[in-house]
Amino acid sequence: MIDIKATSTSPRIAYRTEDRTLEIIGESYPENSFEFFAPLFSWLDARLKDPAPLKVEIDISYMNSSSTKCVLDLLDMLEEAHGGGREVSVSWFYDDGNDRALDLAEEFKEDVKLPFSIIPRTSGTDI
């Protein structure tokens, strides 16, 4: 189980056991992104040994360059699991009208080979 509370500079990271969904929500520009995301990578490494499906929902409105690298590392882990036969999918939510967030999501989607949905959100709605 992973449950990292959001701060003003880091996203909430939590796993919902009822629907096997990992969610990452908020802004991501912690002082040390690699240190912040390390518990997620450890948890995910263990979780991906479980053959049960895994859904990942990402709703990051802003991230710095080191967080971008960490998210790419996360997606690489998911892609490797998917390539190994695991049922893994990503849903990337972004604010409709935030072209930068849409562009980033599209770049990530192009970089990985796994089910990857990009979903616009109108202002005021949550995932």
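Looking at segment 1-97, which trypsin sites (Lys or Arg not before Pro) are in a loop (DSSP not H, G, I, E or B) and have at most 12 other Cβ atoms within 10 Å?
K5, K49
Got a sec to turn the phi values of segment 90-96 into Karplus ³J(HN,Hα) couplings, 6.51 cos²θ - 1.76 cosθ + 1.60 with θ = phi - 60°, whole Hz, x for Gly and Pro?
10, 10, 10, 9, 8, 6, 4
Under 15 Å from the Cβ of N64, count the other residues' Cβ atoms, weight Lys and Arg +1, Asp and Glu -1, and hand me the total.
In short, -2.
Restricting attention to segment 1-83, which GluC sites (Glu not before Pro) occupy a DSSP loop and are surrounded by at most 13 other Cβ atoms within 10 Å? Can you show the working numbers first?
Working: sites: E18, E23, E27, E31, E35, E57, E79, E80; in loops: E18, E31.
Listed in order of number, the matching sites are E18, E31.
Amide H neighbours of S91 under 5 Å, counting only residues 5+ apart in sequence or on other chains, H built in-plane at 1.01 Å?
Here the answer is V56, E57, I58, S117, since their amide H atoms fall under 5 Å of that of S91.
Give me the three principal axis extents of segment 54-127 from the C-alpha atoms, as integers in angstrom, largest value leading.
37, 24, 16
How long are the three semi-axes of the equivalent ellipsoid of the chain, in whole Å, if each is the root of 5 times an eigenvalue of the C-alpha gyration tensor, listed from largest down?
In descending order the semi-axes read 21, 17, 14 Å.
FYI, it's all coordinate maths here, none of it is from the lab. Quick caveat: nothing in here was measured; it's all calculated off a predicted structure. Counting neighbours? That spans all protein chains shown, and the Cβs are built from the backbone with ideal geometry, glycine included.
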